[in-house]
Amino acid sequence: MIHGEHLAKDLRRDHGFTHIGRTKDGNAVIMRKGDRWTVVPLRWLSSDAVDTIKAQAGIGLV
């Protein structure tokens, strides 16, 4: 389990994503890299959820 805030920091640090803002309800972070956009929920995420978010962001799994 990883918290969404930690995943967002990893996307920024390791993959070059930029923090754009939060959703209106404040429950997710919006991030962008080039023409790729992703939304990271700010809650505890299972490893399957993390893999799905990374795949949607265009990050290859190792």
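Taking the stated definitions as given, is Ala57 modelled with pLDDT of 95 or more and within 10 Å of the chain's Cα centre (by Cα)?
No: the conditions fail for Ala57.
With the condition kept exactly as written, say whether any residue in region 15-28 is in contact with a helix residue (DSSP H, G or I) (Cβ under 6 Å, 6 or more places away or on another chain) and more than 14 Å from Ile59 (Cβ to Cβ).
Start the filter on region 15-28 by keeping residues that are in contact with a helix residue (DSSP H, G or I) (Cβ under 6 Å, 6 or more places away or on another chain), which leaves 17.
Filter again for more than 14 Å from Ile59 (Cβ to Cβ), leaving none.
Looking through region 15-28, none of the residues is in contact with a helix residue (DSSP H, G or I) (Cβ under 6 Å, 6 or more places away or on another chain) and more than 14 Å from Ile59 (Cβ to Cβ).
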Quickly run through region 2-31 and pick out the residues that are within 10 Å of Arg43 (Cα to Cα) and touching a Phe, Trp or Tyr at 6+ places or on another chain (Cβ under 7 Å).
His3
Hits in region 29-46 (condition: among the small types (Gly, Ala, Ser) and closer than 17 Å to Gly58 by Cα):
Gly34
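Within region 14-25, count every residue that is out of contact with any strand residue (DSSP E or B) (no Cβ under 8 Å at 6 or more places or on another chain) and at pLDDT 95 or above.
Looking only at that region, the number is 2.
The values are calculated or read from the model by the stated rules, or taken from the named source; none is laboratory data. Note that the structure is predicted; figures quoted are calculated from it, not measured. Cβ coordinates were reconstructed from backbone atoms using ideal geometry, including for glycine residues, and neighbour counts include every protein chain displayed.
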